[in-house]
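Throughout, read-outs are computed from the coordinates displayed, never taken from laboratory work. These figures come from a predicted structure and were not determined experimentally. FYI the Cβ positions are ideal-geometry reconstructions off the backbone, even for glycines, and counts take in every protein chain you see.
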Amino acid sequence: MKNEDLDELISLLRRRLEVIGDAAMRESDPDGQLALLREVSERITAFHQDHRSEIPPRLNHFLENASLQKALEWAEAERAKG
């Protein structure tokens, strides 16, 4: 898997956590927060579909099972390796 693709996935997974953790948005605009969460989730799904042939088996397992925190941890560890 190319570093650029790994960076893109990490960015998407981090963005998802940011949206989930945005308490101010949850209070002021819960529908907007849900829409953002849906958008980033769809982008993660599209990324998975587009890169399925090059995604390592363990990462694929995490993405298929929506274990997105584990996917992020795996991707960050792989990226740190260089």
The chain, helix-only ellipticity at 222 nm - DSSP H runs n ≥ 4, -39,500 (n - 2.57), divided by all residues, nearest 500: -27000 deg cm²/dmol
Crossing angle, helix 68-81 versus the chain [Cα axis fit, 0-90 degrees, rounded to tens]: 50 degrees
Distance between modelled label sites at Ala80 and Asp7, nm, 7 Å Cα→Cβ extension: 1.9 nm
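For region 3-81, give the magnitude of the charge dipole about the Cα centre (Cβ charges: +1 Lys/Arg, -1 Asp/Glu; no others), in debye to the nearest 20.
Working: 11 positive and 17 negative charges, 57 e Å.
Charge dipole, region 3-81, about its Cα centre: 280 debye, nearest 20.
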Cα-based equivalent ellipsoid, the chain: semi-axes from gyration tensor eigenvalues, Å: 25, 13, 10
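Expected output is a single nm value to one decimal: the length gained when fully extending between His61 and Leu34, i.e. 0.36 nm times separation in residues minus the C-alpha distance. What is it? Could the numbers behind the result be given before it?
On the way: separation 27, 0.36 × 27 = 9.72 nm, distance 2.53 nm.
Full extension from His61 to Leu34 adds 7.2 nm.
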